[in-house]
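Read through the structure below, which is laid out as structure tokens, and then see the notes.
The values are calculated or read from the model by the stated rules, or taken from the named source; none is laboratory data. What you see is a predicted model; the values in this text were computed from it and never measured. Cβ coordinates were reconstructed from backbone atoms using ideal geometry, including for glycine residues, and neighbour counts include every protein chain displayed.
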Amino acid sequence: MSNLDLSRLLPKDLVKLSAYNPPDGDCRVRLDANESPYPPDPLILEEIRRALEGMPLNRYPDPASRGLRSAFAHRFNCPVEKVMAGNGSDELIGLLIWTLRGNQGKAPPVVVVPTPTFAMYSVAALAAGFTVHEVPLGPELEPDMEVMLRVVREKKPNIVFLSNPNNPTGTFYSKEQVNALLDASSGLVVVDEAYGDFSGEASWVPEVASVGNLAVLRTLSKVGAAALRCGFLITGSDLLQEVNKVRFPFNLSRYTQIAGEVFLRNYELVHAQVAAIVKERDRLAMKLEKLGFKVFPSRGNFFLMNCGGREEALWCFLQDGGIVVKFLSRLPVTGDALRITVGTPEENDHLIGRSRDFLSEGGTDAKG
Ligand SMILES: *Cc1c(COP(=O)(O)O)cnc(C)c1O
């Protein structure tokens, strides 16, 4: 027996990374993970219950998730052969990186992302040996297209990841901006529409039929079914065949396939919840702005907020009051910031009340 020599076995880029750290324990109001505050409509839950009855637990699920994929294709208007289902879109991000890593021995493969953005793009890319180029958003967290296009032309990335709307900033890339990136890039451009429903804009999914270097990601996680772990990759079928070689066959449980299919077949019931969340987002943002906080405009179900250097203090104060939001330490562009997920009206009122208490107990205004 000998000790495991991790220093020899691990790639050095992995050593520098840290694992996802979930907040622990009890909190009454969870506004940190960009989940929907609403469980699915009772009609959906009842239909899932019925569909699960008599499920053959002794048999493997369909390795191709056919029923689920065809429900997606029908709902989002694209051919079913261009859709892959994943164990959350996280899995699909990993599979894209694994598939498009180029040939060993030459210069390392490259990913380009704006920053700040969803951390998993660079975590997965670095762990797979990619070089990651980050392009900072502008001072108001708007896209910096000039630099983005220049970096894409110079670095020729294997993959550009755009979260649209962007987590954690709420930034939205217009059709023109995404088209400019698609034109400038000889690699794959991934438009991650995890928050697409909240933007009120058209999805890029139907475009995969005609745009060869476009891939779109969607997920059920932010619209009421995070527990399912159900995401989708939509792209031209040549690439999809290759990704399918590295995907493990039974990546989605039968529970997820069945429940996800029911959820998608009743997706119109999601739209009412989305509309309520968007309305609350704008109300909550306005209330917090009135208290003196700096709220960045967002097209998602969350927004980023600065409070004059007292972000961590406010975060602790909220937590003591049973309210959890996401504290993002030393972000590019904004510095320390809080990312607040929009909750139910009651949850949002708790947050507003507690933030007001913070200011009065602190004895100063939000600008410190
Ligand atoms: C939450 C999130 C995901 C992950 O979605 P899952 O389907 O739950 O894995 C992907 N992309 C972005 C930008 C997200 O914020």
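Residue-by-condition table, conditions (1) of a type in the set (Lys, Arg); (2) closer than 15 Å to residue 222 by Cα; (3) in a loop (DSSP other than H, G, I, E, B); (4) modelled with pLDDT under 95:
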position	(1), (2), (3), (4)
273	no, yes, no, no
276	no, yes, no, no
280	no, no, no, no
283	yes, no, no, no
286	no, no, no, no
292	no, no, yes, no
297	no, no, yes, no
303	no, yes, no, no
312	no, no, no, no
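With the requirement that a residue be part of a loop (DSSP other than H, G, I, E, B) and either over 16 Å from residue 15 (Cβ atoms) or of a type in the set (A, V, I, L, M, F, W, C) (or both), what does region 115-143 give you? Those that are part of a loop (DSSP other than H, G, I, E, B) and either over 16 Å from residue 15 (Cβ atoms) or of a type in the set (A, V, I, L, M, F, W, C) (or both): 116, 117, 118, 128, 130, 137, 138, 139, 140, 141, 142, 143. What about residue 178, is it within 16 Å of the ligand (Cβ to nearest atom) and under 17 Å from the mean Cα position of the chain (by Cα)? No, not satisfied. Listed by first and then second residue, the pairs with beta-carbon distance under 9 Å, at least 6 apart or on different chains, first residue in region 78-97 and on the phi > 0 side of the Ramachandran plot and within 11 Å of the ligand (Cβ to nearest atom), second of a type in the set (Val, Ile, Thr) and outside any helix (DSSP H, G or I), are 88/219.
The residue list 37, 22 contains one member that is under 30 Å from residue 351 (Cβ atoms) and surrounded by 11 or more Cβ atoms within 10 Å (Cβ to Cβ), which is 37. Among the residues of region 230-256, those that are part of a helix (DSSP H, G or I) and aliphatic (A, V, I, L, M) comprise 239, 240, 243, 246. All conditions but one from (1) surrounded by 10 or more Cβ atoms within 10 Å (Cβ to Cβ); (2) away from the ligand (no atom under 16 Å from the Cβ) apply to residue 4; the one that does not is (1). All of (1) modelled with pLDDT under 95; (2) farther than 30 Å from residue 66 by Cα hold for residue 236 with one exception: (2). Scanning region 196-221 for residues that are over 17 Å from residue 162 (Cα atoms) and within 14 Å of the ligand (Cβ to nearest atom) yields a total of 2. Looking at 127, 107, just one residue is of a type in the set (Gly, Ala, Ser), more than 13 Å from the ligand (Cβ to nearest atom) and in contact with a strand residue (DSSP E or B) (Cβ under 9 Å, 6 or more places away or on another chain), and that residue is 107. The lone criterion from (1) buried (at least 24 other Cβ atoms within 10 Å of the Cβ); (2) within 20 Å of the chain's Cα centre (by Cα); (3) among the aliphatic types (A, V, I, L, M) left unmet by residue 259 is number (2).
Pairs linking a residue in region 36-50 that is closer than 12 Å to residue 222 by Cα to a residue that is among the small types (Gly, Ala, Ser), with Cβ atoms under 7 Å and 6 or more positions apart or on different chains, are 36/224; 37/343; 38/224; 39/224; 40/224; 40/225. Output the residue which, of all residues in region 277-310 that are without any contact (Cβ under 8 Å) to a residue 40 or more places away in the chain and out of contact with any strand residue (DSSP E or B) (no Cβ under 9 Å at 6 or more places or on another chain), is nearest to residue 197 (Cα to Cα). Only one residue fits best here, namely 279.
For (1) surrounded by fewer than 18 Cβ atoms within 10 Å (Cβ to Cβ); (2) in contact with a helix residue (DSSP H, G or I) (Cβ under 6 Å, 6 or more places away or on another chain), each residue gets a yes or a no:
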{"residue": "326", "(1), (2)": "no, no"}
{"residue": "329", "(1), (2)": "yes, no"}
{"residue": "333", "(1), (2)": "no, no"}
{"residue": "339", "(1), (2)": "no, no"}
{"residue": "342", "(1), (2)": "no, yes"}
{"residue": "348", "(1), (2)": "no, yes"}
{"residue": "351", "(1), (2)": "no, no"}
{"residue": "355", "(1), (2)": "no, no"}
{"residue": "361", "(1), (2)": "yes, no"}
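Please verify whether region 142-151 includes one or more residues that are closer than 23 Å to residue 326 by Cα, modelled with pLDDT of 95 or more and within 16 Å of the ligand (Cβ to nearest atom). Yes, region 142-151 contains at least one residue that is closer than 23 Å to residue 326 by Cα, modelled with pLDDT of 95 or more and within 16 Å of the ligand (Cβ to nearest atom).
The lone criterion from (1) closer than 18 Å to residue 65 by Cα; (2) touching a residue at least 60 places away in the same chain (Cβ under 8 Å) left unmet by residue 223 is number (1). Answer yes if at least one residue in region 65-77 is part of a strand (DSSP E or B), out of contact with any Asp or Glu (no Cβ under 8 Å at 6 or more places or on another chain) and charged (D, E, K, R), and no otherwise. No, region 65-77 contains no residue that is part of a strand (DSSP E or B), out of contact with any Asp or Glu (no Cβ under 8 Å at 6 or more places or on another chain) and charged (D, E, K, R).
Being within 14 Å of the ligand (Cβ to nearest atom) and β-branched (Val, Ile, Thr) is a condition met by at least one residue of region 187-195.
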